[in-house]
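> Pasting in a structure now, in structure tokens, and then I'll have a few things to ask.
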Amino acid sequence: MPSWRKDTEGVAFFNERFIEELKLKCDIVSIVSQYVQLVKKGTRYACVCPFHPDKNPSMYINTQGQFYHCFGCGASGDVITFIMEMESLSYPEAVKFLAERAGMELPEYKADPDYKKKKDKQETLKALMKDAARYYHANLLKEEEGREAREYLESRGITQEICTRFGLGLSLGYDQMQGYLRRKNYTSEELRECGLVTGERLSDAFAGRVIVPIMNGMGDVIAFGGRIYRGEQDVAKYKNSTNTVLFDKSRCVYGINFVKREKRKGNSFRFLILVEGYMDVISLATAGFFNAVAGMGTALTPQQAREIKKLTDTVYVCYDGDDAGRKAAVRNVEPLLAEGLDVRVVSLADGLDPDDTVKKEGADGFRKRLEAALPVIEYKLKLCEDAYGLGSANAKAKYVKAALRVVAGINNEAEREVYLNVIAQKSGVSVDTLRNSAPAAGDVQAPKEEETAAKKSKDGNAVKAARFVLNRMIAGCDYASPADVDPAWMPLPEQEEIARFAAEHADSRTLGGDLFPAGLGGEEVNRILDTEGVFSSVEKERKYYLDCIELLAEEHKAGELKALREKLKEEPDREGQMAILRQMERIRKSPPKKN
């Protein structure tokens, strides 16, 4: 009876005979020499170790045993282990990687009669996406047609070198790309399967936008992002590919392939910087930070966290310096912590994103912010202090209440004690009192200050209004557009996430539930899709839609004013009080509608 080998994730099994044949066909010297320079020493080969800073050759390749060992860092293994480390792949991924290079068919697929057909289809679509990326990139380089887009990128500090590194491109219009790809014998159905075209006329899905190719860890182009560059109004700033045969938004981490490339060149990083979007990754690269990656949505998924874990043990979360960015950072550290990663959170100045920060403070300024990054619990406690201050007894009481809810999430008693001492020093409340007042570990899921009236009243008027508005947007009603609302107006975080998704895909005629990535908005998606209304005329339905938008805007405004009134009570400085009052007056006078 044959023995079987199980991978570390418990997903795939490979026959031992197959593994032995694979190793014979993938000679370790041949594979390793493609990554580092080898020097023959007797029957062995020596090289500088790619897994730690190494000036003198400390890794040796044993040709007879087909294994490597580093006498500096202790790294050791066979050709499969080497590929796992160099390419940041799981065991089955490394086996597949080597099998493809050796022209071997994986045994678990032999029983599938359609395997070759499916594989050939995948390869065709990958080739199509690669050709599309080349086409878009060539457009950007055209002297006249690409001039305006190049000037826009230059205005953002994005050089020609960076454009080439990230394969940036340009869509010239609605029809040109399809003609180019059809002349290369790709079919209309294949274009549609890749998400490159929309509508019955098969228009370019990214028409008139600067193009960002999105690649998987192996460097295959699997999707595209598009950004406006002429200051267009009433259209989504960004538009990204929807899920396709090649692209699963919930699993993709933008920039991983570039980090792997740096690793192969010997530039290993102590940590990765997790930012909100691909333009942040590109902007940081212009300042020399090549260790940034980004999720493909507002919520980081467990699958994305696992992909990041393959590359590093330490992550610096660097989201926008506004309220939404801070909340997203707090939310998205959880899947990273669940993977056992060491997570720190970077604080940016109010209203600035990583791109703004690099432009305003320079590379050295951004580096200082990385150095000042805080562990997750310290960051959450800092948010509590920033929210309430410590200038009065009332403020201290609120700070203590919020801080204790943060500490309640710590299961380790010694760690809890450390942070109780920190809270005691800040507030002047004794550790014994704090210990007796703290909720038991696990009793609290989130800081209470982040709750809104709408969250407490799940069926409140604002929640119902938001469901109706989102329902009509998703249905593609003529009178409804994602541009009508600001996602921040949504009373529930799930609704805000859905509104942002709708804004990103504003050019789609309909956004039926099948287009939402798995898990986006949770059960709230179903509640929105099930929302109905009976109206005697389309005009009355439109009027109700507009009334709902006005309600959302006014509720959001009321929430802002309430928060400022609370802040005013705690502000001891007269000048600070006047600044808050002026801010409140501006909000009162602002129009209720976004457009």
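> Given a 1.4 Å probe and the protein chains all in place, what does the accessible area of T531 round to, in Å² to the nearest 10?
About 30 Å², ignoring ligands and nucleic acids.
> About the Cα centre of the range 217-298, how large is the charge dipole given +1 on each Lys and Arg Cβ and -1 on each Asp and Glu Cβ? Please answer in debye to the nearest 20.
Numbers: 12 positive and 7 negative charges, 70 e Å.
Roughly 340 debye, rounded to the nearest 20.
> Here is a follow-up. Between S430 and D342, what length comes free when the chain is fully extended (0.36 nm per residue of separation minus the Cα-Cα distance, one decimal in nm)? Can you show the working numbers first?
Numbers: separation 88, 0.36 × 88 = 31.68 nm, distance 3.00 nm.
Full extension from S430 to D342 adds 28.7 nm.
> What is the dipole size for the range 247-375, taken about its Cα centre, with +1 at each Lys and Arg Cβ and -1 at each Asp and Glu Cβ, in debye to the nearest 20? The partial results should precede the final answer.
Details: 20 positive and 19 negative charges, 133 e Å.
The dipole of the range 247-375 has a size of about 640 debye.
> Using a ≥ b ≥ c from the Cα gyration tensor of the range 83-228 (square roots of the eigenvalues), is it rounded, prolate or oblate, where a/c under 1.5 gives rounded and otherwise the larger of a/b and b/c decides, a/b for prolate? Write out the running numbers ahead of the final one.
Working: a/c = 3.05, a/b = 1.55, b/c = 1.97.
Note, shape of the range 83-228 comes out oblate.
> Right, here's the next one. Magnitude of the Cβ-charge dipole of the chain, K/R +1 and D/E -1, about the Cα centre, nearest 20 debye?
Working: 89 positive and 92 negative charges, 174 e Å.
In total the dipole reaches around 840 debye.
> If I model a spin label as a point 7 Å beyond the Cα along the Cα-Cβ vector, how far apart are those points for S437 and Y479 in nm?
Going by the 7 Å Cα→Cβ label model, 5.2 nm.
> Can you tell me the length gained on complete extension of the stretch E232 to L374, counting 0.36 nm per residue apart and subtracting the Cα distance?
47.3 nm
> Just from its helices, what would the mean residue ellipticity at 222 nm be for the chain, if runs of 4 or more DSSP H residues each count -39500 (n - 2.57) and the sum is divided by every residue, rounded to the nearest 500 deg cm²/dmol? Please report the intermediate quantities before stating the final value.
Details: 24 runs with 290 residues, N = 595.
Theoretical 222 nm ellipticity from helices: -15000 deg cm²/dmol.
> Which angle from 0 to 90°, rounded to the nearest 10, does the C-alpha axis of helix 323-338 make with the longest principal axis of the chain?
40 degrees
> In the calculated pair distance distribution of the range 266-339, what percentage of Cα-Cα distances lie above 16 Å? Intermediate results must be reported in sequence, preceding the final value.
Values: 1250 of 2701 pairs.
Within the range 266-339, distances greater than 16 Å cover 46 percent of Cα pairs.
> List the extent of the Cα atoms of the range 327-370 along each of their three principal axes, largest first, rounded to whole Å.
Principal extents (largest minus smallest coordinate, Cα): 34, 19, 12 Å.
> Let me ask another. Calculate how steeply helix 354-371 sits against the longest principal axis of the alpha-carbon atoms of the chain, using the helix alpha-carbon long axis, and give the answer as 0 to 90 degrees to the nearest 10.
For helix 354-371, the angle is close to 70 degrees.
> So for the chain, taking the charge dipole from beta-carbon charges (+1 Lys/Arg, -1 Asp/Glu), which of S33, G255, V538 sits furthest toward the positive end?
So the residue furthest toward the plus end is S33.
> How long are the three semi-axes of the equivalent ellipsoid of the range 144-219, in whole Å, if each is the root of 5 times an eigenvalue of the C-alpha gyration tensor, listed from largest down?
Values for the range 144-219, descending: 25, 16, 10 Å.
> Place +1 on the Cβ of every Lys and Arg and -1 on the Cβ of every Asp and Glu in the range 346-387, take the dipole about the Cα centre, and give the residue among G365, A387, L348 whose Cα lies farthest towards its positive end.
Positive-most Cα among the choices belongs to G365.
> Calculate the tail of P(r) for the chain: the fraction of all Cα-Cα distances greater than 46 Å, expressed in %.
Values: 42236 of 176715 pairs.
When every Cα pair of the chain is considered, 24 percent fall beyond 46 Å.
> Any chance you could give the angle, 0 to 90 degrees and rounded to 10, that helix 538-570 forms with the longest Cα principal axis of the chain?
Value to nearest ten degrees: 80.
> What FRET efficiency comes out for S268 versus S537 if R0 is 56 angstrom and r is the Cβ-Cβ distance? Round to the nearest 0.05. Kindly include the intermediate steps, with their values, before the conclusion.
Details: r = 65 Å, r/R0 = 1.16.
The calculated FRET efficiency here is 0.30.
> Turning to a different aspect of this structure: Compute the length gained on full extension between Q176 and R192: take 0.36 nm times their separation in residues and subtract their Cα-Cα distance, giving the result in nm to one decimal. Please list the in-between numbers first.
Working: separation 16, 0.36 × 16 = 5.76 nm, distance 1.53 nm.
Extending this stretch completely gives an extra 4.2 nm.
> Could you work out how far apart the two model spin labels at E144 and K118 are, taking each label as a point 7 Å from the Cα in the direction of the beta carbon, and quote it in nm?
Each label point is offset 7 Å from its Cα along the Cβ direction, giving 4.9 nm.
> While we're looking at this one, here's another question. Considering only V197, I162, T187, whose Cα is most displaced toward the positive end of the charge dipole of the range 77-197, charges sitting on Cβ of Lys, Arg (+1) and Asp, Glu (-1)?
T187
> Within the set K55/K263; K398/K589; K237/K263; K327/K398, which residue pairs have Cα atoms separated by over 22 Å?
Details: K55/K263 16 Å; K398/K589 30 Å; K237/K263 33 Å; K327/K398 19 Å.
Violating the 22 Å Cα-Cα cut-off are K398/K589; K237/K263.
> Provide the percentage of antiparallel DSSP beta bridges, counting only those with both residues in the chain; round to the nearest 5.
75 percent
> Restricting to Cα pairs below 8 Å that are 6+ residues apart, what does the relative contact order work out to for the chain? Please round to a whole percent.
On the way: 845 pairs, mean separation 45.7, N = 595.
Relative contact order for the chain comes out at 8 percent.
> Highest mean first, what order results for 485-491, 163-169 on Cβ atoms within 10 Å?
Listed from highest to lowest mean packing, they are 485-491, 163-169.
> State whether the range 272-416 is rounded, prolate or oblate according to the following rule on the C-alpha gyration tensor (a ≥ b ≥ c being the square roots of its eigenvalues): a/c under 1.5 gives rounded; otherwise a/b larger than b/c gives prolate, and the remaining case gives oblate.
Working: a/c = 2.15, a/b = 1.34, b/c = 1.61.
Oblate shape, in that a/c is at least 1.5 and b/c is the bigger or equal ratio.
> I want to check the label-to-label distance for L564 and R165. Put each point 7 Å from Cα in the C-beta direction and report it in nm to one decimal.
4.1 nm
> In what sequence, highest mean first, do 28-41, 170-183 appear when ranked by Cβ atoms within 10 angstrom? Intermediate values should be presented prior to the final figure.
Details: 28-41: 15.0, 170-183: 17.3.
Final packing ranking: 170-183, 28-41.
> How much FRET efficiency would the formula 1/(1 + (r/R0)^6) give for K40 and K184, where r is the Cβ-Cβ distance and R0 is 51 Å, rounded to 0.05?
E(calc), rounded to 0.05, equals 0.70.
> Would you mind getting the accessible area per residue of the chain, heavy atoms of the protein chains only, 1.4 Å probe, in Å²?
Numbers: 29800 Å² over 595 residues.
So the chain comes to 50 Å² accessible per residue, rounded to a whole number.
> Highest mean first, how do 349-356, 582-589, 379-386 rank when packing is the count of other Cβ atoms within 10 Å averaged over residues?
Details: 349-356: 16.9, 582-589: 11.4, 379-386: 19.1.
So the peptides 349-356, 582-589, 379-386, ranked by packing, come out 379-386, 349-356, 582-589.
The values are calculated or read from the model by the stated rules, or taken from the named source; none is laboratory data. Owing to the predicted nature of the structure, the values given are computational and were not obtained by experimental measurement. Backbone-built Cβ (ideal geometry, glycine too); neighbour counts: all protein chains shown. Just so you know, the surface numbers come from the protein's heavy atoms only, side chains and all, with ligands and any DNA or RNA stripped out. Shrake-Rupley method; radii C 1.70, N 1.55, O 1.52, S 1.80 Å.
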